[in-house]
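Okay, structure first, notes after.
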Amino acid sequence: MSADVRPIAESDLHDWLRAVHTGFLTATRVTDSDVAQRAKYNDLARMQGAFDTDTGRCVAAFRSFAQELTVPGGAAVRSSAISNVGVLPTHRRQGLLTRMMRAEFAAAAERGEALATLIAAEYPIYGRYGFGPATSVVEWEIDVPRTGLDPRLSAPVDGGRIELVDAADFRRLGPGLHDRLRAAVPGAVDRDERWWNVATGLEEMSYRPYKEKFHAVYRTARGEVAGVAVYTADDHWTDAKVPQNTVQVRDLLALTPQAERALWQFLCSIDWVQRVRTGYRAPDDLLPELLPDPRSARVVTSADFLWVRVLDVVRALGARTYEVPGVLVLEVADEAGPAAGRYRLDAAAGVCERTQEAADLRLDVSVLGSLYLGDASAVRLAALGRVAEERPGAVALADAVFRTARRPWCPDIF
């Protein structure tokens, strides 16, 4: 079978969406509302499809959009965020994704985007395109009666307060809070208008019906919004009429440790609630150690999350700051081409440039993506055979240079 890979036209949207839904096993029905949403929010020039040359049907889908990724030091780097990638089961292993990915990398270079990002549904696929896992997440389930928290003390102990607001208030307060948070958290990405509209029920996707949520806002003693928790709850009772409800956290943003502590205390004090599922949190989140009994929280998910693909090494490495001074010469291998070369990084000056100097380290561009936000250990990657040391001590220096005091975290799936 053969297929024509090209940017889609507006007339292709219905067929393209059908391919997306089919590939992700969500649905095959596409509504007029789905098509209208895509036409309103998505840039057709950044959407590709593979069309079977015999039937004309869309058999593979690919989309990117402009994104800002916070890197260590607080800079927001322009990135190409990749989503809605899928190839129908009838057309797998025919190179369609490779063709679309190469086209996207070329287009991203023209747009001046230094990075590409994605959330990998399957682990083995994206390393061969130069992506590396750059952040991870952990989800805990809290056994509320075991926490040691006093359920009678739901109010913050720092003079702040918790208030419940509706979706409209969250839509008004949330964007400003999130912008402040993402400026301080490496790995965080921006949220667009559509994200907030869908999250608050102003717009709905047919294959993902909106479910009413609760919104708890933390205000400091001065009345400033410093945190929010968005959650849902089930309705489960035993035969003996004993409530066994579980709260599922959908979003929890906290600017300070005080806000974070207050929100978890509140969630664990709600009547009828026996368990709290935390949603995806940073791997070094203050949970579970902020609980009197940390063993009351068990890990239910621990996995890679945001993947990063460095497209422009000079701009990407020059955009972030580094924990310690040092000079490293990196030999980067990149089969797809855009990042291949030798680079000199002066961590103290925050300057990266191409060089002909002898390499200190050799690594694939996917490994550079894993190191980029400060989560991966160069020492560990070297032990795994993914970093080759050409100058004694270079691996240890790279570990100290790239690692960050707090681990990066991406709160959003896209």
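The values are calculated or read from the model by the stated rules, or taken from the named source; none is laboratory data. Remember, predicted model here, so these are calculated numbers, not experimental data. FYI the Cβ positions are ideal-geometry reconstructions off the backbone, even for glycines, and counts take in every protein chain you see. Note: accessible area is taken over every heavy atom of the protein model, side chains too, but ligands, DNA and RNA are not part of it. Shrake-Rupley method; radii C 1.70, N 1.55, O 1.52, S 1.80 Å.
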Practice task
Measure of size requested: the Rg and Dmax of segment 1-153, with Cα atoms as the atom set and Å as the unit; please supply both.
Solution key: 19.2, 68
Practice task
State the percentage of accessible surface on segment 67-163 attributable to carbon and sulfur atoms; use a 1.4 Å probe and exclude ligands, DNA and RNA.
Solution key: 52
Fill in the blank from the handout: Note to self, the chain gives a 222 nm [θ] from helices alone (DSSP H runs n ≥ 4, -39500 (n - 2.57) apiece, / all residues, nearest 500) of -7500 deg cm²/dmol
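If the chain between T238 and I413 were fully stretched, how many nm would it gain, using 0.36 nm times the residue separation less the Cα-Cα distance? Please list the in-between numbers first.
Numbers: separation 175, 0.36 × 175 = 63.00 nm, distance 3.45 nm.
Roughly 59.6 nm would be gained on extension.
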Problem - GNM flexibility winner over the chain from P288, P257, P186 (Cα, springs under 10 Å) - result: P257
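Evaluate the Kirkwood expression for the hydrodynamic radius of segment 40-116, namely the inverse of the mean inverse distance over all pairs of different C-alpha atoms, and round to one decimal in Å.
Details: mean 1/r = 0.0732 Å⁻¹.
Radius from the Kirkwood sum: 13.7 Å.
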Handout entry: Simple spin-label estimate for D54 and H14 in nanometres, 7 Å along Cα-Cβ
Key = 2.4
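Using only the heavy atoms of the protein chains and a 1.4 Å probe, how would R146, R191, R171, R222 rank by accessible area, largest first? List each step's numbers first, then the result.
Values: R146 115, R191 30, R171 60, R222 200 Å².
So the residues, ranked largest to smallest area, are R222, R146, R171, R191.
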Handout entry: K211 accessible area, 1.4 Å probe, all protein chains in place, Å² to nearest 10
Key = 110
Handout entry: Interchain or long-range residues, amide H under 5 Å from V351's placed H
Key = D346
Practice task
Decide, for segment 127-241, between rounded, prolate and oblate: order the square roots of the alpha carbon gyration tensor eigenvalues as a ≥ b ≥ c, take rounded if a/c falls under 1.5, and otherwise choose prolate if a/b is larger than b/c, else oblate.
Solution key: rounded
Completion exercise
With every protein chain kept in place and a 1.4 Å probe, the residues S64, S154 fall, from largest accessible area down, as S154, S64
Fill in the blank from the handout: segment 1-57: relative contact order from alpha carbon pairs under 8 Å, six or more residues apart, as a whole percent, is 59
Practice task
With a probe of 1.4 Å, find how much accessible area segment 125-176 has per residue, and write the answer as a whole number in Å².
Solution key: 48
Problem - Nonlocal amide H pairs with T135, under 5 Å, H built at 1.01 Å - result: F305, L306
Exercise for the section: About the Cα centre of the chain, how large is the charge dipole given +1 on each Lys and Arg Cβ and -1 on each Asp and Glu Cβ? Please answer in debye to the nearest 20. Expected result: 120
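Would you mind calculating the relative contact order of the chain from Cα pairs under 8 angstrom and at least 6 residues apart, reporting the percent as a whole number? Working shown, then result.
Working: 907 pairs, mean separation 77.7, N = 414.
It rounds to 19 percent for the chain.
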Practice task
Can you run the Rg to Rh ratio on the chain? Use alpha carbon positions and the Kirkwood inverse-distance Rh.
Solution key: 1.00
Completion exercise
On the accessible surface of segment 332-414, probed at 1.4 Å with all protein chains in place, carbon and sulfur together account for a percent value of 49
Practice task
Distance between Cα centroids, segment 367-409 to segment 86-151: provide it in whole Å.
Solution key: 20
Practice task
Determine the per residue accessible area of segment 270-398 with all protein chains present and a 1.4 angstrom probe, expressed in square angstrom.
Solution key: 45
Practice task
Please list the non-local residues whose amide H lies under 5 Å from the amide H of A3, H modeled 1.01 Å from N, same-chain partners needing a gap of 5 or more.
Solution key: T53
Handout entry: Cα gyration tensor shape for segment 120-191, rounded if a/c is under 1.5, else prolate or oblate
Key = oblate
Problem - Cα shape, segment 160-226, gyration tensor, a/c 1.5 rule - result: oblate
Practice task
Please calculate the 1.4 Å probe accessible area of H14, with all protein chains present, and give it to the nearest 10 Å².
Solution key: 90
Practice task
Compute, for R57, the solvent-accessible surface of its heavy atoms (probe 1.4 Å) with the complete set of protein chains present, and express it in square angstrom to the nearest 10.
Solution key: 110
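If you rank R111, R362 by how much accessible surface each has, with a 1.4 Å probe, what is the order from largest down?
Working: R111 65, R362 115 Å².
Largest accessible area first, the residues go R362, R111.
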